[in-house]
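Heads up, the thing below is written out as structure tokens.
No value in this document is a laboratory result; all are computed from the given coordinates. The structure displayed is predicted, hence computed values, not measured ones. Cβ placement follows ideal geometry from the backbone for every residue including glycine, while neighbour counts extend to all protein chains displayed.
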């Protein structure tokens, strides 16, 4: 795709537009110095990886691949350690194995990681016991502790965010390149759940089936098939703090395009998707695949203008619409969104986010999500897209490879009382490793009747 004419867009042109959800830094000179330093540091990703992802997402638009996008609600700097990174990678690999087996198509693996350090907030300040302080906006902006020092936005944290993102993605790459993500060795991905989970037998059958299939294919072909078995892995985060994104935006002469090289696939949240806003202005000029969260608050005109503004040339794989309506509203609202996009003549990648529309408060006051509602929304998404002649090309899920108790339900039937045991999220509740795998298994199970129907037809 061509980027906008240089006279109409540059990495800093967003600063001429209203910018929502931005931290207020006390020292503009200190901020400018950090942005200048970030602009000189090596990119975290490279342009050919971005282009490869765009091609794969274009295939997902056509129904030839399926996107699995998942990870933490908000990464913590403290979680940048080898064991936790490996756990997040493991659960995404396990889920992708199950989806590959069930959907019978390649899975695009995109982590909410290596940069997901900022979160939008509903209010600029938080008040406790009559004391008001700036809201916690993620580790790249300020600290979660309720003190004036911690809550003060610090531009130096942008540098620390860059460092943590680079360390995370470099470790993931090392694991992938070292064979960790080779489908020949799914035993590397064990998270320890198979000894006690109700899903043990189902998962072991899938692993055995994949292993048998690989052995059979390689026996009759007399060679190993490496290319199709190496699991590529991409990073994504919400492009929220625009000074950070601007600093890592580079012009690649051989491509004649601008790229955000802090991540492969940035996305715009609903709170920052204003047509005349800074985030849309920034994202329209970069060549990365762009995701946009959409929900019930978006009318047809708003959605259509987003589609034509962010992808005026209708480039396949460029734009993903991540819908988050909630289980109770999706069947009424999603058809309207599909109709609105079809009216533009543009094609998009449709992705279901079954998490954000299903957030509620537990009896104890903790934010939670019911697994049954998450699955209901996924079920409805597949059904509605099929009924309206569009393709659901992926899911976007907040999850962790840890044994947390933040969402209720699932195979173990977690209740509100169970939330107290291991609730660790500082922002939104995540599916634990077992619930995440169960979600993948249920998606795969739902796909079998559809495949059978196509064969018989």
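Some observations on this one:
- When you restrict to C-alpha pairs under 8 Å that are six or more residues apart and normalise by the size of the chain, the relative contact order lands at 22 percent.
- Whole-angstrom gap from the stretch 45-67 to the stretch 111-167, using each part's C-alpha centre: 31
- Highest to lowest packing among 84-94, 125-135, 53-63, scored as the average C-beta count within 10 Å: 84-94, 53-63, 125-135
- The ranking of 356, 388 by Cβ neighbour count inside 10 Å, starting from the fewest, reads 388, 356.
- In the chain, helices alone account for a calculated mean residue ellipticity at 222 nm of -12500 deg cm²/dmol, with every DSSP H run of four or more residues adding -39,500 (n - 2.57).
- Take 402-412, 28-38 and order them by the average number of nearby Cβ atoms within 10 Å per residue, most first; the result is 402-412, 28-38.
- Fewest-first ordering of 48, 258, 14 by other beta carbons within 10 Å of each residue's beta carbon gives 48, 258, 14.
- Rounded to 0.05, the FRET efficiency of the residue 152 and residue 8 pair, given R0 = 35 Å and the Cβ-Cβ distance, is 0.45.
- Cα shape, the stretch 227-287, gyration tensor, a/c 1.5 rule: oblate
- Working from label points 7 Å from Cα in the Cα-to-Cβ sense, the residue 145 to residue 174 distance is 3.0 nm.
- Label-reachable residues, the stretch 64-83, where backbone N falls under 20 Å from a point 7 Å from residue 41's Cα toward its Cβ: 74-82
- Sites residue 123 and residue 204 - FRET efficiency at Förster radius 45 Å, r taken between beta-carbons, to 0.05: 0.45
- Placing pseudo-labels 7 Å out from each Cα toward the beta carbon at residue 329 and residue 361 gives an inter-label distance of 1.9 nm.
- Shape of the chain, Cα gyration tensor, a/c cut at 1.5: rounded
- The chain - share of DSSP beta bridges that are antiparallel (%, nearest 5): 30
- Global form of the stretch 89-171, assessed from the alpha-carbon gyration tensor, a/c cut-off 1.5: prolate
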